[in-house]
Every structure is written in structure tokens, then in C-alpha cells.
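Every read-out reported here was derived from the displayed coordinates using simple, explicitly stated rules and does not represent laboratory data. For clarity, every value in this text was computed on a predicted model and none was experimentally measured. Glycine gets a Cβ as well: all are built from the backbone with ideal geometry, and neighbour counts include every protein chain shown.
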Amino acid sequence: MELKEYLRVVRKRWWVVALTVLLCFGAAIAYNSKYEPMYRASVDLIVNEPSISSTGQAQVDSNSIEANLKLINTYKKIITSDSITKLVVERHPELNLTSTQVGNKLMIDSTQNTQVINVSVEDTSYERAATIANSTGNVFVSQIPEIMQVNNVSVLNAADPNLSASPVNDHKQMLIVISLVVGLLLGLGIMFLLEYLDDSVKTEFDVEDAIGLPVLAKVDRIAKSDLKNQQADPSGQQEDSALLRTANEQR
């Protein structure tokens, strides 16, 4: 198809693109109307706190560091266990959550080859997320000596419950832009697909393609207003008849 053919298709079926874009835009607006902001709070725990020597310098045993790195996976499992989450629920009954719900909110991460464990929580309330994260960290630090018989975990950074945090899932504007782009591309695809499937003959170009011969002439569509004008002006019809009779007589 030549460029003018593409333009002809766009002029004829522009409504397909407009309708598709409108539907995608409406779907994005409907999704955003149900949007619920989620906030994230986190606490950092450090494993194997260095012991202090008599000279005041931190002494770190390389073997103990390697051993504690191997324990991190175990610690990550212990943090989400019922033994920790139940104590969190007991200390904060105002959360109105079960131990299972608290465990499902916990996201545990650890940077490779480090002794830091990050405990993050996502919730519709940042204050509640910070409370769960801090309480989980404190409970874990207090319970690990009883569970593992070693006191080598401490809180490195706690979540600030008074922080004015921003939602982590605020993508409303981007979603609208994506819906417009997807609607435009989808509309163009549907439009050209409909044109490809339409094998009816409607223009002189379709006739040339169908029979392989050039079109010498065409009859334009007559508007109803032209017919009404001819019926309302019989003198014009009489003049046409007179001219036709004169031409016949001359022959």
C-alpha cells in the first residue's frame, strides 16, 4: 500500500483508533479509582557485632564473620516464623492482625557478602508498617539468644514512624500514559486488520485492482438536494429536452 492508501484508511476508519484509545483510557481511570496507596518501612539488622578490645579497637574474627554469613539464611527463616510473629502480635494488639498476617507482610532481604539483614513491611499505613518492622526487629534480637544460644544480632537502623513517606505504588500517571499508547497501537492494528479483511469494491482503485484495467470514467454520487432542485425547477428540464430534440433534428 502506498502512503496515500494508508492515509485513506486512516480517514475512513479513524473512529476505530479513537474508540480503542477511549476504552483503554477508561480502563486506566477505572483502575486508578480503586487505587490504594501502599507504604514501606524497613529496619536493618546486623549479624556478628564486633567485640571491643582493651585498646578500644574493634576486633573482628574472619571465621566468625564467615560462620554468621552462613547463618543469615537461617535467621531469615526465623524472622518470619510463628515464634517471632506471635510475640509481635502480643506486644501490639492494636494492629488487629494475626501472626500469619504479620508473617505475610514481612519481606526479608540480605545483601550478598554482607552481615546486614533488611526487614521491610508494606501496608496501607506507614505508621503501622513502621511499627511492625521495628517490633519484628526488636523481638528477633531479644529471642535469638534463646533460639540460637548466641547473642550476635543487633538493630542497625530502625524505621521512623513519624516519617512522611511517599507511596511505593504510585504509578497512576504512568498507567494513563501507557493506556493511551497501548490504545493507539491496538487501534491502528485493528484498523488495518479490518481494512485487510474488507474485500468489497468501493472506489475506482478497488476496481483497478480487481479487474486489472484502468478506470476511464466514474459517476459521482448524486445528492438528494440535487434531485430536489431538478424537481423544483421544471424549466431546466424543459430546456434540457429542447436541446436534446434540437440535437436529434440536426442529425
What nm value, rounded to one decimal, do you get for the distance between GLU2 and LYS77 when each label is placed 7 Å out toward the C-beta?
7.3 nm
Quick one: which of 106-115, 75-84, 136-145 comes out on top by average Cβ neighbours within 10 Å, and what's the full order, highest first?
136-145, 75-84, 106-115
Over segment 94-169, what is the mean sequence separation of C-alpha contacts under 8 Å (at least six apart), divided by residue count, expressed as relative contact order in percent?
22 percent
Subtract the Cα-Cα distance of ASN96 and LEU156 from 0.36 nm times their separation in residues, and report this length gain in nm to one decimal.
18.8 nm
Between ASP109 and ASP220, the two model label points (7 Å from Cα along the beta-carbon direction) sit apart by a distance in nm of 6.9 nm
Three-way shape call for segment 66-130 based on the alpha-carbon gyration tensor, with the a/c threshold at 1.5:
prolate
Checked segment 84-167 against the a/c 1.5 cut and the a/b vs b/c comparison, axes a ≥ b ≥ c from its Cα gyration tensor; verdict oblate
